[in-house]
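Below you'll find the structure, written out as structure tokens, and then a few comments.
The values are calculated or read from the model by the stated rules, or taken from the named source; none is laboratory data. Only a predicted model underlies this, so the values are computations on that prediction, with no experimental measurement involved. Note that we place each Cβ from the backbone using ideal geometry, even for glycine, and neighbour counts take in every protein chain shown. SASA here: full protein model, heavy atoms, side chains in, ligands and nucleic acids out. Shrake-Rupley method; radii C 1.70, N 1.55, O 1.52, S 1.80 Å.
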Amino acid sequence: MNLFSDIRTAVLGAIAAMQAEGALPEGLNTDPVTVEPPRDPLHGDMATNAAMVLAKPAGLKPRDIAETLAAKLADDPRIASAEVAGPGFLNLRLENTVWQGLPAAILRLGRDYGRSDLGAGLKVNVEYVSANPTGPMHVGHARGAIVGDAIASLLAYAGYDVTREYYINDGGAQVDVLARSVYNRYLEAHDLTVDWPAESYPGEYLEPVGEALKAKVGDIWLNAPEEVWLEPVREFATDAMMDLIREDLAALGVHMDHFFSEKSLYGTGKIEAAIESLRAKGLIYRGVLQPPKGKTPEDWEPREQTLFKSTEHGDDVDRPIMKSDGSWTYFAPDIAYHYDKITRGFDQLIDIFGADHGGYVKRMKAAVSALSDGRVPLDIKLLQLVKLYKNGEPFKMSKRAGTFVTLRDVVDMVGADAARFQMLTRKNDAPLDFDFDKVVEQSKENPIFYVQYAHARICSVLRKAAEQGIDVSDATLAAADTSGMTHKAELALAGKLAEWPRLVEIAARNHEPHRVATYLTELASDLHGLWNMGNDDTSLRFIQDDPATSRSKIALARAVAVVISAGLGILGVTPVEEMR
RNA sequence: GGUCGCAUAGCUCAGCUGGAUAGAGCGCUGCCCUCCGAAGGCAGAGGCCUCAGGUUCGAAUCCUGAUGCGACCGCCA
């Protein structure tokens, strides 16, 4: 249920009635008609721009349309008044009964209040994290994991059929480097001394992998040439790394539906098939690229390569898909991977990348556009850096100094809930400050605490009421008589709850889960405000002398808790019932 | 040089995909617990929404350009 769309439907009905009477021409596009909360509550409960957006196509004055529309809408039993204001706004005031009925409706629906059919079951693939399987994940990966996961949850809540996917970069040269590093650890496990080349992963986390390899194969590869062991060690090592990564993700509460191996694209004809698909559209050719404008690399020399004509789909230059030695560039498997997603029937694709991959957005979008003939939209979210702080001081990461912060470190230090909420308080294209002390601080400065505190306070009221023998089950609360709910603070809180389904749709449409965090903070603020009003005006306290009145007050509070719980659920944060 | 992103209160940031007098937290000033959790709340002060054009009934929001900051820039993923 969504009060804003309900009223919008009423507005559209009134417009249709005016058309039937000849007061408005037929065939008007009503898509731009919105019903939204006015910025200033004094203007009413809801405002519509209908008269203003219809004025021009209808050839009429906005205020004239608004006057007629207002008269029609005033007949709606839910609408108390409709007033024309400003350049042609129509300010609507709803009957108190509408707000009074909201808590019961929310309690009946539970956390499903706010669910939307916006997605209409469309299949969406959200690809995120996709860290190279060469070591433990660091804080940057954590942001990607959390944001991707929250987008996936948000879209699922908004009615999309969502698949969470991880692309394992196990096909490139870096996994060979990993394999050699693990082989070194394997040699060390046999008490041999080894040389570490510059290109290697000397981290201690590979020691147990070397030990495990020794335990598995014994000494059979000690003197074997690389051709013999490279392939099996690579597989052994990447499996071990993926186990590590899966554990790290689980610690954050992230669970993928599908892991897609880049390696599975090689030698299976999948890359060739994807490229053939492009070739069939006339988008593959042999050619020589110009050097990048303004910055010619020292060793630049013209080379003929196999190119993808990405410029036909919005890119700035065509992109190489095959190196001059005939092997694929990294772009080729990326094309094949996205081709695979398209052929699996996804209607929309979302990729979560680090900001350092910004240069690949256009070519990737071009590839998806070409492969799907423009049918499948690809949205790429670029995540800015996470800046770490400790006690307000910048915290520099350094592998050598031993202050390299892994994803697991973050979870161990602040917990998955605090980490998740904090990472979701900023939009993706803004850098994020992450202070290890502030995210666990118990004060209103810390939004996660502030929201949790509101939820805990409500739970506290429910416990207290139950102790006094008041039945606070949702079913009983939903049946409470809320006709006494007339104070403007209570009605305003109900109004905030009415915005939840609308906010879900806006956030989902934009793939912006941070809006949920922002909304929850506002909702918590309203709850705290009402709570404190109870200090001066005892009639606003949730628990009253009379059980029936108590139930009607508690119904509103409980509805707030339900929405907080639903919102936190989307963010992957567990609502707490008491602060300790 | 090119591409992309960002620019809003002293600081950190929201701002509903174009709406009315631009919001919150911190910091500053002054208040509120005999009362469900004060771990909270209320009020005040604080703005050229970087700048210049444009689009229209209307712009912090969309377009163009400028300035500043950041990321990236042909066989590395």
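Quick grid of which residues meet (1) touching a residue at least 60 places away in the same chain (Cβ under 8 Å); (2) more than 10 Å from RNA strand B (Cβ to nearest atom):
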| residue | (1), (2) |
| --- | --- |
| A:R8 | no, yes |
| A:V11 | yes, yes |
| A:I15 | no, yes |
| A:E21 | no, yes |
| A:G27 | no, yes |
| A:E36 | yes, no |
| A:A50 | no, no |
| A:A55 | no, no |
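Within segment A:329-345, how many residues turn out to be open to solvent by 10 Å² or more (accessible area, probe 1.4 Å) and more than 9 Å from RNA strand B (Cβ to nearest atom)?
Initial filter on segment A:329-345 (open to solvent by 10 Å² or more (accessible area, probe 1.4 Å)): A:329-330, A:334, A:339-340, A:342-345.
Among the residues that remain, those that are also more than 9 Å from RNA strand B (Cβ to nearest atom) are: A:339-340, A:342-345.
Count: 6.
Look at A:V410 and say whether it is in a helix (DSSP H, G or I) and farther than 20 Å from A:A524 by Cα. Show your work before the answer.
On the way: in a helix (DSSP H, G or I): yes; farther than 20 Å from A:A524 by Cα: yes.
Spelling it out, A:V410 is indeed in a helix (DSSP H, G or I) and farther than 20 Å from A:A524 by Cα.
What are the pairs with Cβ atoms under 9 angstrom where one residue, in segment A:142-168, is on the phi > 0 side of the Ramachandran plot and the other, located anywhere, is open to solvent by 20 Å² or more (accessible area, probe 1.4 Å) and of a type in the set (A, V, I, L, M)? Sequence gap at least six, or different chains.
Qualifying pairs under 9 Å: A:G159/A:L118; A:G159/A:A120; A:G159/A:L122.
Scan segment A:324-343 and report the pairs whose first residue is within 17 Å of A:D379 (Cα to Cα) and whose second residue is in a helix (DSSP H, G or I) and within 8 Å of RNA strand B (Cβ to nearest atom), with Cβ atoms within less than 9 Å and a gap of 6+ or a chain change.
Partner pairs satisfying both residue conditions: A:D334/A:E262; A:D334/A:Y360; A:Y337/A:E262.
So is A:V411 of a type in the set (V, I, T), more than 13 Å from RNA strand B (Cβ to nearest atom) and touching a residue at least 60 places away in the same chain (Cβ under 8 Å) or not? Spell out how you get there, then give the answer.
On the way: of a type in the set (V, I, T): yes; more than 13 Å from RNA strand B (Cβ to nearest atom): yes; touching a residue at least 60 places away in the same chain (Cβ under 8 Å): yes.
Answer is yes for this residue.
Every residue in segment A:38-48 that is among the hydrophobic types (A, V, I, L, M, F, W, C) and free of Cβ contacts under 8 Å to residues at least 12 places away in the same chain, please. Steps first, answer last, please.
First, the residues of segment A:38-48 that are among the hydrophobic types (A, V, I, L, M, F, W, C): A:42, A:46-47.
Result: A:L42, single match.
Only residues that are out of contact with any strand residue (DSSP E or B) (no Cβ under 6 Å at 6 or more places or on another chain), open to solvent by 10 Å² or more (accessible area, probe 1.4 Å), touching a residue at least 60 places away in the same chain (Cβ under 8 Å) and not charged (D, E, K, R): list them for segment A:414-436, please.
A:A416, A:T425, listed by residue number.
Criterion first (more than 14 Å from RNA strand B (Cβ to nearest atom) and out of contact with any His (no Cβ under 7 Å at 6 or more places or on another chain)) does A:F436 satisfy it?
yes
Given A:A71, A:A82, A:A66, which one is open to solvent by 30 Å² or more (accessible area, probe 1.4 Å), at pLDDT below 95 and assigned by TED's automatic domain parsing to the domain that holds A:A23? Even if it seems obvious, please write down each step before you answer.
Numbers: A:A82 fails: open to solvent by 30 Å² or more (accessible area, probe 1.4 Å); A:A66 fails: open to solvent by 30 Å² or more (accessible area, probe 1.4 Å).
Every option except A:A71 fails the conditions.
Taking the criterion of being farther than 28 Å from A:Y128 by Cα, touching a Lys or Arg at 6+ places or on another chain (Cβ under 9 Å) and open to solvent by less than 70 Å² (accessible area, probe 1.4 Å), would at least one residue in segment A:248-267 satisfy it?
Within segment A:248-267, the subset farther than 28 Å from A:Y128 by Cα is none.
Among the residues of segment A:248-267, not one is farther than 28 Å from A:Y128 by Cα, touching a Lys or Arg at 6+ places or on another chain (Cβ under 9 Å) and open to solvent by less than 70 Å² (accessible area, probe 1.4 Å), which makes the answer no.
Answer yes or no: is there a residue in segment A:243-266 that is part of a strand (DSSP E or B) and farther than 30 Å from A:I146 by Cβ.
no
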